Every structure is written in C-alpha cells, then in structure tokens.
Amino acid sequence: MIPVRDTRSDVLDSRLVSPRGTAPKLERRPRALLALEDGAFFEGRSFGRLGETAGEVVFNTALCGYQEVLTDPSYQGQIVTMTYPHIGNYGVNREDVESTRPQVATRALTRHLRTHGAKRGVISALTENRDELVDRARASRSMTGLDLAREVTCDKPYRVEAIEGGDGDARSRLGGRTFHVVAYDFGIKRNILRMLSAAGCDITVVPATTSAGEALALEPDGIFLSNGPGDPEPCVYAIEAARELILAKPTFGICLGHQIMGLACGGRTFKLKFGHRGANHPVKNLATGGVAITSQNHGFAVLPELFDDPDLELTHVNLNDGTVEGFRHRGLPAFSVQYHPEASPGPHDSHYLFTQFLKLMDSGEPPRTLPRAHAAGVPPGL
Amino acid sequence: MPGASTYNGDEFEAVVARGLDLSPVHEILVEESVLGWKEYELEVMRDHADNFVVICSIENFDPMGIHTGDSVTVAPAQTLTDREYQAMRNAARRVIREVGVETGGSNIQFAVDPKSGRMVVIEMNPRVSRSSALASKATGFPIAKIAALLAIGYSLDEIKNDITRVTPASFEPAIDYVVVKIPRWAFEKFREANPSLGTQMKSVGEVMAIGRTFKEALQKGLRGLEIGASGFSRDDLDDGRIQEMLLTPDPDRIFYVKRALDLGWPQEKIHQMTGIDPWFLDQMQQIVELEKTIGPGVDRETLREAKRMGFSDARIATLTGVSEAEARVRRQREGILPVYKRVDTCAAEFESHTPYLYSTYEQESEALPTERRKVMILGSGPNRIGQGIEFDYCCCHGSFAFQEEGYETIMVNCNPETVSTDYDTSDRLYFEPLTFEDVMNIVELERPEGVVIQFGGQTPLKLALPLHRAGVRILGTSPDAIDLAEDRKRFSALLSALDIPQPRSGTAASLGEAKEVAARIGYPVLVRPSYVLGGRAMAIVYDEAHLEGYVREAVSASPEHPVLVDCFLEDAYEVDVDALGDGDRVVIGGIMEHIEEAGIHSGDSSAVLPPYKIAPRHLDTIRDMTRRLGLALKVRGLMNVQFAIRGDTVYVLEVNPRASRTVPFVSKATGVPLAKVAARIMAGRTLQEQGMTEDLGVSRFFIKTPVFPFMKFPGSDILLGPEMKSTGEVMGISEDFGIAFAKAQAAAGNMVPTEGTAFISVNDYDKGGVLPHARALHEIGFQIIATRGTAEFLNAQGVPAELVFKVNEGRPNVVDRIKSRGIHLIINTPLGRESFYDDGAIRTNAILHGVLCVTTLTAAAATVQAIRALRKHAVTVSTLQEIHQPAERVEPLAAAPV
C-alpha cells in the first residue's frame, strides 16, 4: 500500500510571521569566510548556526521567494547566494530552513562567478585559515559527473491525491477526468505536486531509481520526470527508464527531467558557465512566438545537436543566451522544458504546460505537429 | 480631481457637497476606504504579441490614505512573499489585457489588507507616469523609450537591452540594491494651506536614492532632499507633538517616527498609529540603535557599519562632536571609503556597458574611471519651487556640449524626474545626493579637470566655495566672483564702484538691526534671508509691526544667514537679462520685460521677449550695465541680471553668475542654445570663436507665463508676491504681442475670453489705472460688473458698470456669479494692500472654474491687448524650426503699447 501525503499542509502561508526584532545585534555576529577553488575569498559575517559547508557556489537573481529557493532540493550540493541584499523581510513559515547564510559582498561574488564561472567553495565560520579552506574547496566534489538525484529522492513511493474542485489552473481540467501520474522524484518541488493535484491528477511519487517496468505496473495515464540537482549524465538508471517510458505513455519533464529526456532521446548535455538561476529569464515559445518570463535553476543544458534528429523538435529557447529550453517528440506524446513552469518562486506565465500535459494524457496523441521551419530557430554559437 | 476620506456622516456630507460643487458633471465617486492598507505599484509593459513583463514593483512606505506621489516609496517591494507578489503580477497581467493596452507601459496600483491579506486593484494608469519614470531610473530599464519602440511595431524580444547589449528587453529587471524615493514639498510657500498629507498630492518634487540596503538608501535620500537634514534625523522637532504627527501625517512625519524610536516608543505602537509596516520600522530601529553607539571615541568597526547604514559624515560629525571636515579626514584615514556599484538591470548576471553608478560601503568598486579628459556636472537635486527642470535643461545641454568638445562628461544628480539622470545623457552617471561629502567622494575617484556648478541652480552653487577650498577646480566663473555676487555687502560695494544704482539696502542680524535699517531706507521694504532661491521667505513689508512678525519667521527659515532688507521699488518695471561672458566679452542672450510690476517674484511673472514698453535709452543702459557687471565679475559662462526701472532710473536688483530659470526660454526664443555656448566657454572657446559677438535678437514676441499649483492647495490664496509659487511655465509665440499673450495664457489653462462679462474690483490706489482697461473692455462689447467702490468710480467716469454683491453683502454675490459661469474675466488687484476675505474667495473660485483672473494692471493691459488681437486675427502656428530658419532672424516690429 502506497501512503498518501497531503501536500496542502506544506503550502506556504501567504501571510507570514514578521521577522521584527529577530535580527541579532551585529557585534555578536561571528566572522565567516567563503573560499573558492580558484583562491578567491569573500569575507562576511555568519548568523544562525556556526558551521562549515562545501558546495558549488552559484547565484540566484530572484527578488523574492528566498524561502522557496533555499529549500529547493535542486540546490543540493550547492551554496546559493541571493543577489538581492535584503533576505528575510517577510519571515519564514517554518524555522528550520537553513543553517548558515553568511553576509558577504554578494554582488562582488556574483561578478566573480559571472566572469569565472560557477566555482566550488567552502563557507566557514569555524576557521580563518585561508589555505586550508581553499584546499577544502578544491577537495570538495565537483558537480560534473555527480549523481545527486539519488541523495534527494524519496525512499519509497507515496501518493498525492487530486484536489477536488481545486482552484486556479484546475479549471483547465478536462471533462472532470482524474488522471493518474507517476512522478519520478529526482528532488521534486512540492509546488509541482500541488499544481498537478490541483489540475486533477492523482500522483504516485516514485524513487529516482524506479525502473520503467515498475512504473508502468502502476498503470499511469502519464509519466512526469521531475526537477533535481546536479549532472544528468550519471543518472543512467533514469535515462534508461525514460527511454522506455516515452514510448509507452505521455511524458512531461521539467529541468533535470528535461535533461534526462534529452539524453534518453539520444542527445548530450553540457555544463553552463554559471548556470541560470532566477525568476526573470525570457523564454520564447517557438510555436507561438510568445515570450514567457520564467523561473530557472539549472547548471546543465541540452545541446541543440539533439535536433539533428528529425523526430525531435526544439520548442523553447532562452533569449538571453540561446540555449535549449524545451523540446518535444514529433511522433510520441512527450515534451519537456528546462525551466520551471510551476514557478515558486517566479512568474506564473507557463502554467499552461500542465494543461498541455493533461491534454496529452486525455487524447494519448502527440501535440499538434509544428511546421519544420520553427526548428530552424536554434541560435548559432553553442 | 482631489479625493478625500471621510470617517463619519458629518464629514461625508461636507466632502460630498464640495465634490459635487467641484465636479463639472455634478457627480462624485464613493468607494470603500482602504485606508491603512499596504500600497503597492507594478510598472508593467505589454507588446503586440501579448508578451508581458513587470519592470518594477514599488512598495509605499506610507500606507493607503496618502497619495503615492506624497509617499516615501521603495523599490523593489520589500514585504511581499513570492506567492503574494505572483498573485499581484497575475492580476496586473489580466488588468492590462482587459483594459486593452495593446502596446506600452502601465502603472497598476494595489492595496493589501495587512490583516487578511486581501488584495484589491485600486488604480490603473494606461500610460507612462511619474512612477514609470521612477521605475526606469530604479531599474535602468527605459520604459518610455521601449514603449515608443513597441508602438511602432517591435515586440519586446526584438529590442536589445542597452545596458547588457546581449540580452533582449523581454525580461524582468533583477535588482540587487534598494531604491527609496522621497517627495519634496513646498508648504513653506503656501502658509495658508493645510500641510497634512492625504489623497490629494501636494509634493512638488522628489529625490531618489540607491543603496545596498533600505537603511542606506533612506538616509541618502533624506540628505539629498536639501531640507537641512543630514540623514534620518532632525534637531528641530517638538517632542510634545510626536503623537499628533504620527497620527496625522505631514512632510515631517518620518522625522517624528525617528524621534519616537529614539525615545523608545514600541514599534507596535508606532505601527498602529502610522500603519507603516513593521519591517520598515524595524529597519529604522536598527539605524536608531546604531546611532546610539556613535559618540566621541567611536571605533572603526562601528564607523564602518554607520557608513554602511548611510550615515553621512555630517551626521557622524554631530554625533561625535567634531566638524564635518574632521569626520571626513578620520574616516578616510581609517580607510573607510565608498565604492561604486552599477545599476545594470540584471543583478550582475551579465556585464554592464553603462556606467550608471551609486555609492555604497563594500569592498569592490565597479566605477572603473577612465583616463579621458573629463568634466563633472552637478545637477539641481529635487525639483522645488524656484528650482525645477529649467536647470536640468541646462545641465543636459552643458553635458552635450562638453561631449561635442571631446570631453567625457560625468553627471551627478539625485532627481529621478530629470533627463540628466538618464543613463545615456552623459558618459557617466552618479545617482548621488548633492552634498559636499557625496560630490567630493566622486571627485576624488574620477579626478575630473573641473567641476561645473553653474547649470544646476542654487544647489551646486552652494557647494562652490567648499569644493574650491578643498582644491577642486571650478569651471567657469570663479567661486570668488560667485561669492562677490551672492554676498550683499561685497555686491553693494561692487555696484557703488561701478556707479550702478541699486535700491537702498542693508543687512540685519537681529530684529533691532532690521528695524533700524528699514527706518533708514523707508517703508515699504523687501525683506528676505540671504542665499535663497525662488524668493523663499521673501516679503514686502509696509510697516514695523509686519517687520517684527516677519523677522521671527525668516530667522527660523535660514538660521546661518542674516536677513536682507531692501528698499521696495513700488510701481517699478522689472527686467531680466540672460547673458554670456568669456572673461573678455559679454553677449546678451535676451532682455525680458516682466508684464507684472515689481513686487511679484520674477519666476511668477509673465515675461516678454523682446521688451515691449521700455524706452530705447533704458535698454541701452541695461545692456551697458550688464556688460560692465559681466566683465567686472569675469563671468565665464552664464549670468542673469535683474533690473528694475522706476521713473528714469535703472536699478540693478541682483546678479546671478549662473544659469537662470529663463535660459531655456531665451534659448528657444533666439534659437541659440545658451547653455551649450556657456559650456564651450568653460571648455576654453571664446565667444568670438563661437561666432557670438553680437547680442541676440528675436523675430517674434515670445511670452513666458507661469503655471501655478493653487488648485492642489485648497485654502491657499493665488495672490502673487515676492515669494515664488509657480511650479512650471509655458511659452506663447506670435508676431503679435496680444496673440502671443493669449496663447501663453491658454497654454497655462486660462482661456482669454473674447466676449462676455468682466468683473472688476480694484483697490483705491489702482482705480485710476484700471479705467482705460475698463473703458476698452466696454468698447469691445464686454459687460462690466464691479463691486461697490469700483462700480461707483467707473460709472462716474462714464464706463457703465453693474453693481455686484461682495460675498458678505447678499446673494447672488460675485462668487455665485463665478460658479454659475456668469463671469468670463476677472480683474482684481489687491497687491501690496490689505486683502479681504472676498479677494481670496474670488480668486480661488476663479481658479476652480477656469476663469482668467488678472491681479495686476499691467497684466490687465496685456489681456485687453490679447482680446483685441484675438478678435482681429486668427491664431496661427509655426514650428520652432520654421521660426529659426537663418534668413528669418530679424528684429521684430516695435510693439504698440496699449
């Protein structure tokens, strides 16, 4: 029997406790040091728990939604710097969100990462020995080749039930039908589950290593491949499963799930210099020409050589750097996007993709075929 | 249309009655009050492909109930969760779609109930607005420019972001700093007006500040206001009024919030009284707490933290008991120096190609000064009465001219409403307060060849001497010459030496001295504090009793400076001259004759170019005196001289060796950009090299007319005087004086009537003077109505005038007649005399009902001329380009005075 989890209880309260009076006095804040593998240092002050942690240092440019960012499993193995300087303005709804977040010259750090690329780093409020910290940064594990999905996936399957009469996008529910979705958990964000259930899906969340056979045995109407941290290439188990699943059922992938789908379709992925993390990335839908402002969090991307295969079609492009943001299979009911249509944090411009997934499950057919000309929209220079 | 909030039935009735009275269609809107709710604005854009982006979110520090133009506002929104923010974003998208803004920007305002979280849309402006200008400066995303491109068919993704050059405009700016806008008010100009803030906007300008935290930005903004506050603090508060000031907001409320925090009032109590969000109060509390640790012997760490929180050197000096200079030296010795960060639309994700900078106290500076030849131009700070966009015009033109001369230009200003603070006006933009500390920090970083202080009005002029003493080269007229012109004693001696007549005057440091001086000069006298612009606190005083009352007020208006007492030249004509000097030569740009008599501030007078009623010999005298003054002061750049002509004597009232308010007017009338010429002089080019050896002429009549904000200040009298009250101006052009005057009046919102009923009410002194105008109006066909004294006089002189009641004499009275649209022109001259309740009511109603109301005889004469011209000629238009075709520049025909 698969246990049911009520995601509604996880919903962030819209009005939160004010952080008034919670800021500790400055003079009591201990010093902290961030050391990068390239020998760069950023001094700051630590608050919360004194500690030390290592990870890949990345930046996120979203203006609000710090709690959602800082609790997102896709940041597993990373140290996130929020570029917006005021954090904690509206409090948090639970107290256990993070341990240490030093105040450092975040803009200088961002400029460093922008110029030199994402770097491994160590943050410590325990020692000020710089050489030691750099050594530790260099010794810390590299993102490339690292299978982090295994670290954040669920231990065993659980179910999330459709919300009857759910609001918002649930209105797009087709004919009141309830779909059964098997969602692969590579580090799934709760808001994805909330959106699927609000749209009328009963969801069975399964561990990342679930085989295609096990998933299909659950008799789903569709397969969802979730977001998650790290490099997609080592997730061989998931890539193999996806290869079978897209032949069998309507499939929708987001973020790491999209990269896994790209790999399953014969493509390759590469590591971006400093990644895309923020809530303001413009993504063009090549079918409609429309531009959505999207929430993003990824350090790897699918190489456009994937579209040498005439069965695959580029559907979404990032307008800042021309990277692949979405594709679909022409002959199969499968599509995926690199960005986060569920937002949280971020704009709700792309909620339509959930409806598209529902339509695929409803008809079992691929989405309307697009003229080939659109695929020529792949920007050069990648 | 003004709004009002009411709390009870009685108030409601009064407000409804006033609203119905004011409404042209006799309708009012009654809405649920969202008083005290949190207020937000989203600046959004949409293109023809239905792409939608939010450029900026803005949160009002002051809750609903205070007009957003009168609120301190903060960008981005500080106290919204992502969930709340996205709900607002979604609503904004639905609104802009539904309203049907196919392309362009909109401003959408929201109120959020802090208790329930309920969100309502309160307003939508389908156009660029004051807030979109702010949002553009706050983010570096040029909304109006992009809107223009969208209007001609581009979509957002087809437009490149100027700042990153590689990313498209179809994105939402990410910012990694905090922007605070603070309004600037001018209640000192409208003493009768109620200074409390509500749903009717009353501010006249604003300052914007950028910092890495709210605390830093708030303190930078407050010192940028130029109201005597060196940050989040004022020394002149009355602790007994804290409660009242928290409950009834006025411009000083934020300082009373500080005072309450100082005294340990709980944040919760202040929150309940003000509705200000606890987050903001907590931030301010942090400033207060740090401030308490700053005293003599403060340690380096605290000092550094204070600078990070935006404390100015001046404030730290006060707290530690040293001079500002000493505080600065100490700070620099400790190595606590500002760095400059870029406003780049993307939180540093991409490289920025535009040096749009703000200061903060961190480690890494992104300023990257160049090795080019460079000049720094100081802007004019927040708009206020007496110092508005005219000076910004000069700063921009100055910058363009220096660029044309091959210089890199560096602009320093803190006014988001200006062109000078566009990131592409100058080569480099520092969005910083115009204080000695902030300017000097930039000078030390950039090391410009010189600093230009003559374009930005009084704000940079006040910095001339301190910068000069700090070893900074001031371009153009020397600081000593500026001081010579500003210092009454030195200036008076200069005029005596040049044998140029001046009104008798004296300087008084106390009431006793003021009485003495006034008695020596003889009443009436013009009194004012020294070093002011816009006639701040200036008054004409007719006797000793009035003088006493004034001096008490004026001393509080400007404590460091004494009071100036001048002989008031009654019945004189005033003339303004803008001229250019290069040290060896002076060229006159324009001689402007004021239409109103002396006694009305030059900024509030209509002025005509060329002069239309001045004898040629007086014009020669004016030219001669201007030249001699310009050479004596070694003016390099612009100068403005004010003259008064009484009888056969030409007096010099004052000389300002800087750009004046009329430079744009003269530049547009003559077709010669005076500020550019001045900049080239400062760059080393003589007037001769620029082909400027002759005084400039004009080919038509150009009339400048002020625009007043009286409508916004119920209760204030529109009576003009030596204190400037106008907030803008318009220009009318025609070959015919009367038509030019009528056009200017129309542009200012006062249609000159060509028929109907004229109401005349003048004081005894003016009765003889008004007679020819009354007769002319009668001959034209106007029906004349007048109050008792005036009617009797006119009838006795053979001009038929019907009697109309004063307000207290019965009904229908004159105000009833105005309201029922039975009066089309009002001539009402109370200048310099006791004014009665009637006068105020008449003028106020004239404004409310759009009836042209002239308050001086000379303006009456001009109006009669305008009526005659309108009845005779059709109004024609031509472009400035047509007017300034080279062949056309000839002297206009001599005017035909009435």
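Laboratory data are not the source of any read-out in this text; all were calculated from the coordinates shown. Quick caveat: nothing in here was measured; it's all calculated off a predicted structure. Glycine also receives a Cβ, built like all others from the backbone with ideal geometry; neighbour counts cover every protein chain displayed.
Some observations on this one:
- Computed over neighbours whose Cβ is under 10 Å from that of residue B:573, the net charge equals -3, Lys and Arg +1, Asp and Glu -1.
- For residue B:405, the shell of other residues with beta-carbons less than 14 Å away shows a net charge of +1, using +1 for Lys and Arg and -1 for Asp and Glu.
- For the protein assembly as shown, diffusion coefficient by Stokes-Einstein and Kirkwood Rh (Cα), 25 °C, 0.890 mPa s, µm²/s: 72 µm²/s
- Binned Cα-Cα distance frequencies in the range B:544-641 - 5 Å width, integer %: 2, 11, 17, 16, 16, 15, 11, 9, 3, 0
- Residue A:132/residue B:118 FRET efficiency (R0 45 Å; Cβ-Cβ; nearest 0.05): 0.25
- Of all aspartates and glutamates in the structure, those lying under 19 Å Cα to Cα from residue B:292, and not within fewer than 8 positions of it along the same chain, are A:27, B:216, B:235, B:236, B:239, B:262, B:282, B:301, B:305, B:313, B:324.
- Pair residue B:334, residue B:693: separation of 7 Å Cα→Cβ label points (nm): 6.1 nm
- Overall shape of the range B:370-524 was characterised from the C-alpha gyration tensor. The equivalent ellipsoid obtained from it has semi-axes of 35, 17, 14 Å, in decreasing order.
- Partner aspartates and glutamates for residue A:359 [C-alpha distance under 15 Å; skip if fewer than 8 residues away on the same chain]: A:169, A:221
- Members of B:613/B:634; B:202/B:462; B:704/B:872; A:284/B:38; A:189/A:249 lying beyond 29 Å, as alpha-carbon distances in this model show: B:613/B:634; A:284/B:38
- The DSSP beta bridges internal to the range A:149-374 are antiparallel in roughly 60% of cases.
- Share of Cα-Cα pairs in the range B:695-826 lying beyond 25 Å, as whole percent: 40 percent
- Across all directions, the shadow cast by the convex hull of the range B:79-151 built on its C-alpha atoms averages 5.3 square nanometres.
- Debye-formula intensities of chain B, expressed as log10 I(q)/I(0) at q = 0.07, 0.09 Å⁻¹, are -0.60, -1.03 (one equal scatterer per alpha-carbon, no solvent).
- Global form of the range A:149-374, assessed from the alpha-carbon gyration tensor, a/c cut-off 1.5: rounded
- Full-extension gain in nm, residue B:809 to residue B:165, via 0.36 nm per residue minus C-alpha separation: 224.7 nm
- Considered as an equivalent ellipsoid built on the Cα gyration tensor, the range B:672-749 has semi-axes of 34, 19, 9 Å, the largest given first.
- Whole-angstrom gap from the range B:143-220 to the range B:320-392, using each part's C-alpha centre: 18 Å
- Each residue, residue B:751 and residue A:247, gets one label point 7 Å from its Cα in the Cβ direction; the gap between the two is 8.2 nm.
- Gap separating the Cα centres of the range B:732-774 and the range A:280-350, nearest whole Å: 68 Å
- Using the Karplus relation 6.51 cos²θ - 1.76 cosθ + 1.60 with θ = phi - 60°, the per-residue 3J(HN,Hα) values for the range B:63-73 come to x, 3, x, 10, 3, 4, x, 9, 9, 5, 10 Hz, with x marking Gly and Pro.
- Computed [θ] at 222 nm, deg cm²/dmol, chain B (DSSP H ≥ 4; -39,500 (n - 2.57); rounded to nearest 500): -10500 deg cm²/dmol
- Neighbourhood charge, 12 Å Cβ-Cβ cut-off, centred on residue B:465 and excluding it, Lys, Arg +1 and Asp, Glu -1: -2
- Label separation (residue A:217 vs residue A:240): 1.6 nm, computed from points 7 Å beyond Cα along the C-beta direction.
- Efficiency of FRET between residue B:50 and residue B:520 - r from beta-carbon atoms, R0 60 angstrom, step 0.05: 0.20
- Cβ-derived FRET efficiency at R0 41 Å, residue B:879 paired with residue B:21, nearest 0.05: 0.50
- Partner aspartates and glutamates whose Cα lies under 20 Å from the Cα of residue B:767, excluding those fewer than 8 positions away in the same chain, are identified as B:570, B:571, B:596, B:597, B:779, B:792, B:802, B:834, B:838, B:839.
- If the chain linking residue B:94 and residue B:548 were pulled fully straight, counting 0.36 nm for each residue of separation and taking away their Cα-Cα distance, it would gain 157.3 nm.
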